[in-house]
Amino acid sequence: MRLDYFLASSTGLSRKDAKREIGAGRVTVDGEPCRRANQHLRADQTVQWRDQPVTLPGERYLMLNKPAGVVSATQDRDHQTVIGLLPPEVRPGLHPVGRLDLDTTGLLLLTNDGQWSHRITSPRAGCAKTYRVTLAEPLTEEAQLQLEAGVLLRDEDRPTAPATVKVLTDSVIDLVITEGRYHQVKRMLAAVGNHVHALHRVRIGAIELDPGLAPGQWRSLTEAEVDSVG
Ligand code: URA
(Lines give C-alpha, C1' and ligand atoms only; values in the text may rest on other atoms or scores of the structure.)
Protein backbone atom coordinates (compact mmCIF):
# COMPACT_ATOMS: atom_id res chain seq x y z
CA MET A 1 0.00 0.00 0.00
CA ARG A 2 1.26 3.51 -0.81
CA LEU A 3 2.28 5.69 2.12
CA ASP A 4 -0.09 8.58 1.25
CA TYR A 5 -3.03 6.19 0.96
CA PHE A 6 -2.07 4.51 4.25
CA LEU A 7 -1.81 7.86 6.05
CA ALA A 8 -5.12 9.12 4.65
CA SER A 9 -6.92 5.87 5.53
CA SER A 10 -5.53 5.66 9.03
CA THR A 11 -5.97 9.31 10.04
CA GLY A 12 -8.93 10.61 8.04
CA LEU A 13 -6.70 13.22 6.34
CA SER A 14 -7.51 13.94 2.71
CA ARG A 15 -5.08 12.41 0.24
CA LYS A 16 -3.85 15.94 -0.56
CA ASP A 17 -3.20 16.77 3.11
CA ALA A 18 -1.57 13.38 3.62
CA LYS A 19 0.83 14.13 0.76
CA ARG A 20 1.60 17.52 2.27
CA GLU A 21 2.38 16.02 5.69
CA ILE A 22 4.64 13.42 4.07
CA GLY A 23 6.39 16.07 1.96
CA ALA A 24 6.98 18.15 5.10
CA GLY A 25 8.85 15.22 6.71
CA ARG A 26 6.27 14.68 9.45
CA VAL A 27 5.86 10.99 8.67
CA THR A 28 8.34 8.24 9.54
CA VAL A 29 8.51 4.66 8.32
CA ASP A 30 10.27 2.34 10.76
CA GLY A 31 11.56 5.42 12.56
CA GLU A 32 13.06 7.12 9.47
CA PRO A 33 11.43 10.23 7.94
CA CYS A 34 9.99 9.35 4.53
CA ARG A 35 9.09 12.17 2.11
CA ARG A 36 7.95 9.95 -0.77
CA ALA A 37 4.16 9.78 -0.91
CA ASN A 38 4.31 6.88 -3.37
CA GLN A 39 6.57 4.77 -1.11
CA HIS A 40 5.13 1.25 -0.89
CA LEU A 41 4.76 -0.14 2.63
CA ARG A 42 5.27 -3.73 3.67
CA ALA A 43 2.85 -5.26 6.18
CA ASP A 44 5.51 -5.35 8.90
CA GLN A 45 6.50 -1.68 8.68
CA THR A 46 5.40 0.85 11.27
CA VAL A 47 4.37 4.39 10.45
CA GLN A 48 4.33 7.44 12.72
CA TRP A 49 2.74 10.81 12.00
CA ARG A 50 3.79 13.77 14.16
CA ASP A 51 5.45 11.27 16.53
CA GLN A 52 2.26 9.20 16.98
CA PRO A 53 1.96 5.64 15.65
CA VAL A 54 -0.82 5.28 13.08
CA THR A 55 -2.54 2.03 12.16
CA LEU A 56 -5.21 1.16 9.66
CA PRO A 57 -8.75 0.71 10.88
CA GLY A 58 -10.31 -2.63 10.04
CA GLU A 59 -8.87 -6.07 10.39
CA ARG A 60 -5.50 -6.66 12.02
CA TYR A 61 -3.48 -9.88 12.14
CA LEU A 62 -0.32 -10.38 14.21
CA MET A 63 2.05 -13.12 15.24
CA LEU A 64 3.74 -13.08 18.63
CA ASN A 65 6.57 -15.20 19.97
CA LYS A 66 4.97 -15.87 23.33
CA PRO A 67 7.39 -16.04 26.24
CA ALA A 68 6.81 -18.33 29.22
CA GLY A 69 4.95 -16.79 32.17
CA VAL A 70 2.55 -14.76 30.04
CA VAL A 71 -1.16 -15.63 29.82
CA SER A 72 -2.97 -16.11 26.49
CA ALA A 73 -5.83 -13.82 27.46
CA THR A 74 -6.88 -10.20 27.18
CA GLN A 75 -7.02 -9.69 30.95
CA ASP A 76 -5.63 -11.49 33.99
CA ARG A 77 -5.38 -10.60 37.66
CA ASP A 78 -2.13 -12.41 38.39
CA HIS A 79 0.02 -12.45 35.27
CA GLN A 80 1.01 -10.31 32.35
CA THR A 81 -1.14 -11.00 29.28
CA VAL A 82 -0.11 -11.43 25.66
CA ILE A 83 -2.11 -8.29 24.84
CA GLY A 84 -0.04 -6.39 27.41
CA LEU A 85 3.11 -7.21 25.39
CA LEU A 86 1.80 -5.09 22.49
CA PRO A 87 2.02 -1.31 22.18
CA PRO A 88 -1.21 0.33 23.45
CA GLU A 89 -2.21 1.66 20.03
CA VAL A 90 -2.13 -1.86 18.55
CA ARG A 91 -4.21 -3.52 21.30
CA PRO A 92 -7.82 -2.37 20.78
CA GLY A 93 -10.12 -5.24 19.81
CA LEU A 94 -7.40 -7.88 19.50
CA HIS A 95 -7.84 -11.37 20.90
CA PRO A 96 -5.50 -14.38 20.93
CA VAL A 97 -6.39 -17.11 18.43
CA GLY A 98 -6.65 -20.07 20.78
CA ARG A 99 -4.52 -20.45 23.86
CA LEU A 100 -1.10 -21.60 24.92
CA ASP A 101 -0.46 -22.66 28.51
CA LEU A 102 1.35 -20.25 30.82
CA ASP A 103 4.61 -22.19 30.43
CA THR A 104 4.25 -22.85 26.66
CA THR A 105 6.25 -20.62 24.32
CA GLY A 106 6.18 -19.79 20.62
CA LEU A 107 3.72 -18.94 17.89
CA LEU A 108 0.54 -17.19 18.99
CA LEU A 109 -1.69 -15.40 16.49
CA LEU A 110 -3.75 -12.37 17.45
CA THR A 111 -6.50 -10.66 15.48
CA ASN A 112 -9.68 -8.62 15.74
CA ASP A 113 -11.27 -10.74 13.00
CA GLY A 114 -13.47 -13.30 14.74
CA GLN A 115 -14.32 -15.23 11.59
CA TRP A 116 -10.67 -15.66 10.71
CA SER A 117 -9.78 -16.94 14.17
CA HIS A 118 -12.77 -19.30 14.06
CA ARG A 119 -11.37 -20.84 10.88
CA ILE A 120 -8.23 -21.73 12.84
CA THR A 121 -9.74 -22.83 16.14
CA SER A 122 -12.94 -24.54 15.03
CA PRO A 123 -12.60 -28.31 15.60
CA ARG A 124 -14.16 -28.91 12.21
CA ALA A 125 -11.47 -26.91 10.43
CA GLY A 126 -8.81 -29.46 11.45
CA CYS A 127 -6.07 -26.82 11.24
CA ALA A 128 -2.63 -28.42 11.82
CA LYS A 129 -0.52 -27.08 14.67
CA THR A 130 3.11 -28.10 15.12
CA TYR A 131 4.64 -28.26 18.57
CA ARG A 132 8.31 -28.79 19.40
CA VAL A 133 8.19 -30.98 22.45
CA THR A 134 11.08 -31.57 24.85
CA LEU A 135 10.49 -34.89 26.58
CA ALA A 136 11.51 -36.33 29.93
CA GLU A 137 12.25 -39.73 28.32
CA PRO A 138 13.20 -40.76 24.78
CA LEU A 139 10.06 -41.62 22.80
CA THR A 140 9.69 -45.37 22.33
CA GLU A 141 8.66 -46.67 18.93
CA GLU A 142 5.48 -48.03 20.45
CA ALA A 143 4.61 -44.62 21.95
CA GLN A 144 5.23 -42.98 18.58
CA LEU A 145 2.85 -45.41 16.87
CA GLN A 146 0.22 -44.78 19.56
CA LEU A 147 0.46 -41.00 19.16
CA GLU A 148 0.20 -41.34 15.40
CA ALA A 149 -2.85 -43.58 15.62
CA GLY A 150 -4.63 -41.57 18.36
CA VAL A 151 -4.60 -42.01 22.13
CA LEU A 152 -7.28 -41.96 24.79
CA LEU A 153 -6.78 -38.99 27.12
CA ARG A 154 -7.56 -39.27 30.81
CA ASP A 155 -11.26 -38.65 31.56
CA GLU A 156 -12.19 -38.69 27.88
CA ASP A 157 -13.91 -41.39 25.86
CA ARG A 158 -12.91 -40.39 22.31
CA PRO A 159 -9.34 -40.94 21.13
CA THR A 160 -7.33 -38.06 19.72
CA ALA A 161 -7.24 -37.67 15.94
CA PRO A 162 -4.23 -39.18 14.17
CA ALA A 163 -1.11 -37.06 14.71
CA THR A 164 2.26 -36.83 12.98
CA VAL A 165 5.48 -37.37 14.93
CA LYS A 166 8.96 -36.43 13.78
CA VAL A 167 11.77 -37.47 16.09
CA LEU A 168 14.47 -34.76 16.09
CA THR A 169 16.75 -35.98 18.89
CA ASP A 170 16.52 -38.41 21.81
CA SER A 171 14.56 -35.87 23.81
CA VAL A 172 12.94 -33.61 21.21
CA ILE A 173 10.09 -34.33 18.79
CA ASP A 174 7.84 -32.31 16.50
CA LEU A 175 4.22 -33.27 17.06
CA VAL A 176 1.55 -32.13 14.60
CA ILE A 177 -2.04 -32.21 15.84
CA THR A 178 -5.25 -31.04 14.24
CA GLU A 179 -7.35 -30.58 17.38
CA GLY A 180 -7.13 -28.15 20.29
CA ARG A 181 -8.21 -30.03 23.40
CA TYR A 182 -7.33 -28.77 26.87
CA HIS A 183 -3.57 -29.28 27.54
CA GLN A 184 -3.68 -31.67 24.61
CA VAL A 185 0.02 -32.20 23.94
CA LYS A 186 0.94 -32.67 27.60
CA ARG A 187 -1.95 -35.10 28.07
CA MET A 188 -1.08 -37.03 24.91
CA LEU A 189 2.48 -37.55 26.12
CA ALA A 190 1.21 -38.50 29.58
CA ALA A 191 -1.11 -41.05 27.93
CA VAL A 192 1.91 -42.84 26.44
CA GLY A 193 3.87 -42.79 29.71
CA ASN A 194 6.13 -39.83 28.99
CA HIS A 195 6.26 -36.26 30.31
CA VAL A 196 6.64 -32.86 28.63
CA HIS A 197 9.57 -30.78 29.90
CA ALA A 198 9.09 -27.87 27.49
CA LEU A 199 6.59 -27.00 24.80
CA HIS A 200 7.07 -24.54 21.95
CA ARG A 201 4.64 -23.98 19.06
CA VAL A 202 6.40 -23.48 15.74
CA ARG A 203 3.61 -23.52 13.16
CA ILE A 204 -0.12 -23.05 12.65
CA GLY A 205 -1.38 -24.17 9.23
CA ALA A 206 1.04 -22.59 6.76
CA ILE A 207 2.08 -19.84 9.18
CA GLU A 208 5.50 -20.42 10.69
CA LEU A 209 6.93 -18.60 13.71
CA ASP A 210 9.28 -15.96 12.30
CA PRO A 211 12.78 -16.95 13.47
CA GLY A 212 13.63 -13.24 13.67
CA LEU A 213 11.21 -12.71 16.58
CA ALA A 214 12.78 -12.99 20.03
CA PRO A 215 10.48 -14.04 22.88
CA GLY A 216 7.97 -11.21 23.47
CA GLN A 217 8.41 -9.73 19.98
CA TRP A 218 5.64 -9.54 17.38
CA ARG A 219 4.99 -8.51 13.81
CA SER A 220 2.01 -8.06 11.51
CA LEU A 221 1.19 -11.01 9.29
CA THR A 222 1.83 -10.66 5.58
CA GLU A 223 -1.12 -10.71 3.22
CA ALA A 224 -0.07 -14.20 2.06
CA GLU A 225 -0.04 -15.46 5.67
CA VAL A 226 -3.50 -14.03 6.35
CA ASP A 227 -4.86 -15.50 3.11
CA SER A 228 -3.33 -18.91 3.80
CA VAL A 229 -6.04 -19.53 6.41
CA GLY A 230 -9.19 -21.22 5.25
N1 URA B 1 -0.98 -28.52 24.34
C2 URA B 1 -0.63 -28.30 25.62
O3 URA B 1 -0.58 -29.22 26.42
N4 URA B 1 -0.34 -27.04 25.99
C5 URA B 1 -0.35 -25.99 25.13
O6 URA B 1 -0.04 -24.86 25.54
C7 URA B 1 -0.69 -26.24 23.80
C8 URA B 1 -1.00 -27.51 23.43
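Points to keep in mind about this one:
- Among the residues of the stretch 29-45, those that are buried (at least 16 other Cβ atoms within 10 Å of the Cβ) and modelled with pLDDT of 95 or more comprise Cys34, Ala37.
- Residue within the stretch 59-67 that is under 30 Å from Thr11 (Cβ atoms), touching a helix residue (DSSP H, G or I) at 6+ places or on another chain (Cβ under 6 Å) and open to solvent by less than 70 Å² (accessible area, probe 1.4 Å) present: yes
- All positions within the stretch 68-102 that are touching a strand residue (DSSP E or B) at 6+ places or on another chain (Cβ under 9 Å) and acidic (Asp, Glu): Asp78, Glu89, Asp101
- Among the residues of the stretch 1-22, the one identified as open to solvent by 50 Å² or more (accessible area, probe 1.4 Å) and in contact (Cβ under 8 Å) with a residue 40 or more places away in the chain is Met1.
- Considering the stretch 98-118, the residues that are without any contact (Cβ under 8 Å) to a residue 60 or more places away in the chain and touching a Leu at 6+ places or on another chain (Cβ under 7 Å) include one that is most open to solvent (accessible area, probe 1.4 Å), namely Asn112.
- Restricting attention to the stretch 68-85 and to residues that are assigned to a loop (DSSP other than H, G, I, E, B) and surrounded by 16 or more Cβ atoms within 10 Å (Cβ to Cβ), the residue that is nearest to the ligand (Cβ to nearest atom) turns out to be Ser72.
- Matching residues, the stretch 191-230, being touching a residue at least 40 places away in the same chain (Cβ under 8 Å), among the charged types (D, E, K, R), away from the ligand (no atom under 16 Å from the Cβ) and open to solvent by 50 Å² or more (accessible area, probe 1.4 Å): Glu208, Glu223
- Among (1) in a strand (DSSP E or B); (2) at pLDDT 95 or above; (3) open to solvent by 20 Å² or more (accessible area, probe 1.4 Å), the one test that Gly25 misses: (1)
- When residues of the stretch 151-171 are limited to those that are of a type outside the set (Ser, Thr, Tyr) and within 30 Å of Ala224 (Cα to Cα), the one nearest to the ligand (Cβ to nearest atom): Ala163
- Here the strands (runs of 3 or more DSSP E) wholly within the stretch 119-190 that include at least 3 residues being at pLDDT 95 or above and surrounded by fewer than 16 Cβ atoms within 10 Å (Cβ to Cβ) are 164-167.
The values are calculated or read from the model by the stated rules, or taken from the named source; none is laboratory data. No experiment lies behind these values; they were computed from the predicted model shown. Neighbour counts run over all protein chains shown; Cβ positions are idealised from the backbone, glycine included. Areas reflect the complete protein model, heavy atoms only, side chains present, ligands, DNA and RNA absent. Shrake-Rupley method; radii C 1.70, N 1.55, O 1.52, S 1.80 Å.
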